[in-house]
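To keep things clear, I will list the structure first and then write my remarks on it.
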Amino acid sequence: MTTPAQQDRDQAAARVDRLKQDLAGRLGTAPEPGAEDAEPMDRLVAAAHRLLDAETDHEEAARRLVAAELGARHAATQRAVVFFAALPVLAGLVAGALVLFGVLSPGWLPLLVPLFAAGMWIGFAPVRKVPAVLRERTLAAWAGALAAVGLVVALLPWPSATVTVVATVLAALGTAGAIAGLVRESRIP
């Protein structure tokens, strides 16, 4: 299925091709230098002007297509990061409540606070329509989701302490990755 922007670009490209063929045909029958009749040369110049106008229209249609594709990607990224941001925000809130009520030790706060802040930034900060920003925000959202899953796994009671340690390390790495992605995003012009 083609979009209106793709159809506009394709129609402009077809018009440019037709005008190029027309101009090439006219060049084959160009008047001799020094001929007294200027009308064939005027038609040739008019055809060249139509071709230039058509090429300008084609370039503009191509720019509109790129802008439309970027807009669609931007909207999809905004929807996706809101869903992914729910994981670190909820995990941070629940674990913070567990710390507040004394179920968890306050030693978890250095992991919970950055995870919660990263989740809030991922979900609610505006996303600019720049391809590099979209990529960084998506990576940060994935890292934040991984950190939230690692945190939940780390907080569950396991018979082996190894699972808790590995999950805590994954949560810390995911949180660091999310924050690093958000910092890189903020530095993109």
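Overview of values
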{"quantity": "Nearest-20 debye value, segment 50-189 charge dipole, Cβ charges on Lys, Arg, Asp, Glu", "calculated": "220"}
{"quantity": "Percent of C-alpha pairs per 10 Å bin, segment 131-189, short to long", "calculated": "28, 39, 21, 10, 2"}
{"quantity": "Mean-position separation - Cα centroids, segment 44-123 and segment 125-189, in angstrom", "calculated": "15"}
{"quantity": "FRET E, pair residue 73, residue 93, Förster distance 30 Å, beta-carbon r, rounded to 0.05", "calculated": "0.50"}
{"quantity": "Near-label residues of segment 48-84 by backbone N, under 18 Å of a point 7 Å along Cα→Cβ of residue 120", "calculated": "82-84"}
{"quantity": "Options 47, 167, 58, ranked by Cα towards positive dipole end of the chain, top entry (Cβ charges)", "calculated": "167"}
{"quantity": "Shape parameters for segment 60-188, alpha-carbon atoms, Rg then Dmax in Å", "calculated": "16.9, 64"}
{"quantity": "Relative contact order [Cα under 8 Å, 6+ residues apart], segment 45-172, whole percent", "calculated": "26"}
{"quantity": "Mean ellipticity per residue at 222 nm, deg cm²/dmol - from DSSP H runs of n ≥ 4 across the chain, formula -39500 (n - 2.57)", "calculated": "-29500 deg cm²/dmol"}
{"quantity": "Fully extended contour minus Cα-Cα distance, from residue 135 to residue 45, at 0.36 nm per residue", "calculated": "27.7 nm"}
{"quantity": "Residue-level accessible surface for residue 94, protein heavy atoms, 1.4 Å, Å²", "calculated": "90"}
{"quantity": "q = 0.15, 0.24 Å⁻¹: log10 I(q)/I(0) that the Debye formula gives for segment 85-161, counting C-alpha atoms only", "calculated": "-0.54, -1.05"}
{"quantity": "Per-pair calculated FRET efficiency, R0 = 41 Å: residue 6 and residue 173 via Cβ, rounded to 0.05", "calculated": "0.50"}
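The values are calculated or read from the model by the stated rules, or taken from the named source; none is laboratory data. For clarity, every value in this text was computed on a predicted model and none was experimentally measured. Glycine gets a Cβ as well: all are built from the backbone with ideal geometry, and neighbour counts include every protein chain shown. To get the accessible areas, we keep the full protein, side chains included, count just its heavy atoms, and leave off ligands, DNA and RNA. Shrake-Rupley method; radii C 1.70, N 1.55, O 1.52, S 1.80 Å.
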